[in-house]
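I have placed the structure first, in the form of structure tokens, so that the comments after it can refer back to it.
Every read-out reported here was derived from the displayed coordinates using simple, explicitly stated rules and does not represent laboratory data. Since the structure is predicted, the reported quantities are computational estimates derived from the model, not experimental observations. Glycine also receives a Cβ, built like all others from the backbone with ideal geometry; neighbour counts cover every protein chain displayed.
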Protein chains: 2
Amino acid sequence: MAVRPIDASAPDEGPLSLDGLRAQLRAVGEERYHHQHPFHLMMHDGRLSRGQLQAWALNRYYYQSIIPIKDSIILSRGPDPVFRRAWRKRVVDHDGDATSEGGIKRWLKLAEATGLNVDQVRAGTGILPATRFAVNEYLNIVRSRSLLEAVASSLTELFSRDLISLRMEKLRQHYPWLSGGLDYFEARLTQAPEDAKFALNYVYENAKTRAEQELAIQALRDKCDILWAQLDALHFAYVQPGWPPPGAFLIEGA
Amino acid sequence: MAVRPIDASAPDEGPLSLDGLRAQLRAVGEERYHHQHPFHLMMHDGRLSRGQLQAWALNRYYYQSIIPIKDSIILSRGPDPVFRRAWRKRVVDHDGDATSEGGIKRWLKLAEATGLNVDQVRAGTGILPATRFAVNEYLNIVRSRSLLEAVASSLTELFSRDLISLRMEKLRQHYPWLSGGLDYFEARLTQAPEDAKFALNYVYENAKTRAEQELAIQALRDKCDILWAQLDALHFAYVQPGWPPPGAFLIEGA
């Protein structure tokens, strides 16, 4: 797999403490997590149109839809039943079970609340090619790198609670017609921090050297880039002047 | 591999003739090939700065660098020695041999003519994440789809001669300081049409049904999207207002 060359040279120091590792991961989030992306800033300022929110919900659905596939790849690579039992929760959270509808269904409700047709969303008609490319890279990473790095790439969940809290407040304020579609975010408020705690402990316990810790940090950087690139593509296609590529979703009346 | 759902339902008609197939492929090019992308239009109008041309040469190098890897994957999947002998030419064209420096080296000369440091280009420092995601998807396609579709994805070469001829003329006219770096394009003027002819014949002979022909046409569409998305990312990052993602190449003085 042709991935970005990584500087895996081990610094001479020993491995970081748990607090030191957490601090490095948080620094990555400050620099690269998509809470600072101009598309999110517009969303939170109430400056997105309904059509732009539709484009967001439609494209982001593709990301949501591969998350349990991504987690199933990680499951398939985990040799330890205890690890697999813990990680399996993620697949259940997204695909649902007898007692819960699951995150994918909840995202479809959000998409429906924007006015999209659920069947079109599920089929992925009109999603941006760049969405597919970025999201598929997430699958490449969990398939081709070490299990440690695959787990570490989930650590954007360290940052998602704050973003989701803010987003729910802003969506309710600026787009009240969306309020019935926020169950997805509500559920993530508790799921994401639990998952992040497990993954952080896993990375700390399994990265035995500073060089391995650096690989884990790089995996988080790359995951942030995957989230960021999805918003870049939306912004370029759907914020003025707006150049959707051939065949992509077009905003009605735009 | 999570790829775009493809409509592989076989139309009731029989397979297209060679001329009919060529016409369908050309129609895909008219709609989706990147000759119409705003970034190329700016390039050909002489409206790109040196820094923007650097960003283009730097990012496009990543694409160039994986082409012989992509072709080696196709080699590895071709069971027929006659096919492999023919396809091997592509790896030689890019990697070079005792008598020729090869396309990758020629692209580095172009990058150097823009004023970039060759070692930085080779290392890929500062390339856009979206470039990696789009280009890596090309590797996903030639690995995970049928050999027929992998071969068909190369058929953008049906269109590249016209674009390269125009580009060489416009680069010489608007950016004369680049003229020493155009060997790559000069070589492609003859290589690409030879390769396209072989690939088109291969697709025609090996797609036995209309449904298989449709899969080949879809592979060309997806390849066009990969080229287009690379220019979208450049345009979004480096044409005003310009939002390069965290960690990406920054234009000097911008």
Could you list all residues from region A:226-254 that are within 9 Å of chain B (Cβ to nearest Cβ) and under 22 Å from the mean Cα position of the chain (by Cα)? A:Ile226, A:Trp228, A:Ala229, A:Asp232, A:Ala233, A:His235, A:Phe236, A:Ala237
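If you go through region B:197-254, how many residues are farther than 21 Å from B:Gly14 by Cβ and not in a helix (DSSP H, G or I)? Walk me through it before giving the result.
From region B:197-254, those farther than 21 Å from B:Gly14 by Cβ are B:197-199, B:221-254; that's our starting set.
Okay, now just the ones that are also not in a helix (DSSP H, G or I), so B:239-254.
Of the residues in that region, 16 qualify.
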Of (1) over 16 Å from the mean Cα position of the chain (by Cα); (2) without any contact (Cβ under 8 Å) to a residue 40 or more places away in the chain; (3) under 23 Å from B:Gly96 (Cα atoms), B:Gly181 satisfies every one except (2)
Look through region B:27-39, keep the residues that are touching a Leu at 6+ places or on another chain (Cβ under 7 Å) and part of a helix (DSSP H, G or I), and return whichever of them is farthest from B:Gly253 (Cα to Cα). B:Val28
Could you please find all residues in region A:116-160 being more than 9 Å from chain B (Cβ to nearest Cβ), over 12 Å from the mean Cα position of the chain (by Cα), over 15 Å from A:Leu58 (Cα atoms) and part of a helix (DSSP H, G or I)? A:Ile141, A:Val142, A:Arg143, A:Ser144, A:Leu147, A:Leu148, A:Glu149, A:Ala150, A:Val151, A:Ala152
If I ask for residues that are more than 14 Å from chain A (Cβ to nearest Cβ) and more than 21 Å from B:Met43 (Cβ to Cβ), which ones from region B:102-115 would you list? B:Gly102, B:Lys105
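Pick out the one residue from B:Ile141, B:Ile127 that is closer than 30 Å to B:Pro246 by Cα, in contact (Cβ under 8 Å) with a residue 40 or more places away in the chain and crowded, with 23+ Cβ neighbours inside 10 Å.
Working: B:Ile141 fails: crowded, with 23+ Cβ neighbours inside 10 Å.
The unique qualifying residue is B:Ile127.
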Part of a loop (DSSP other than H, G, I, E, B) and under 18 Å from A:Ala134 (Cβ atoms) - does that describe any residue in region A:40-59? no
Considering only residues that are under 25 Å from A:Ile73 (Cβ atoms) and charged (D, E, K, R), which ones fall in region A:162-188? A:Arg188
Can you pull out the residues in region B:30-81 that are crowded, with 21+ Cβ neighbours inside 10 Å, within 15 Å of B:Ile104 (Cβ to Cβ) and small (Gly, Ala, Ser)? B:Ala57
Restricting attention to region B:216-254, which residues are buried (at least 23 other Cβ atoms within 10 Å of the Cβ) and of a type in the set (Gly, Ala, Ser)? B:Ala216, B:Ala219, B:Ala229, B:Ala233, B:Ala237
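Go through region A:169-178 and give me each residue that's in a helix (DSSP H, G or I) and crowded, with 17+ Cβ neighbours inside 10 Å.
Initial filter on region A:169-178 (in a helix (DSSP H, G or I)): A:169-174, A:176-178.
Passing the criteria: A:Leu171, A:Leu178.
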Among A:Lys223, A:Lys208, which is more than 30 Å from B:Val28 (Cα to Cα) and within 14 Å of chain B (Cβ to nearest Cβ)? A:Lys223
